[in-house]
1. Give me 57, 36 ranked fewest to most by other Cβ atoms within 10 Å of their Cβ, as a rough exposure proxy.
2. What GluC sites (Glu not before Pro) does the stretch 12-70 have in DSSP loop regions with at most 11 other beta carbons within 10 Å?
3. Treat each spin label as a single point 7 Å out from the Cα along the C-beta direction, and report the residue 40 to residue 67 distance in nm.
Amino acid sequence: MKQARSLVLPFAALVVIPGILVWAALFFVINTVYFHYSEEKGLESRFGDEYLEYKKHVPMWLPRLAASEGAGAKKSKAGA
């Protein structure tokens, strides 16, 4: 019985994991489209050029590893 269970778990993972990956990919794509066409357009109309400048310096999903030369860098130089 123990040997049968040890064979079933890897097979179950092979069946379940692709389904989860497909669901996660669809979820990511749907949210990206929603954010781009709904939320970002609303923020652009609400905050105007300030938000457009923010978007130039801040990536949508993954943070940059290195600091960017943006509004924050200008403020820190001006304050010094």
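Values quoted throughout were computed directly from the atomic coordinates according to the rules given, and no laboratory measurement underlies them. Source: prediction; values computed, not measured. FYI the Cβ positions are ideal-geometry reconstructions off the backbone, even for glycines, and counts take in every protein chain you see.
1. Ordered by Cβ neighbours within 10 Å, fewest first: 36, 57.
2. 69
3. A separation of 2.7 nm, rounded to one decimal place.
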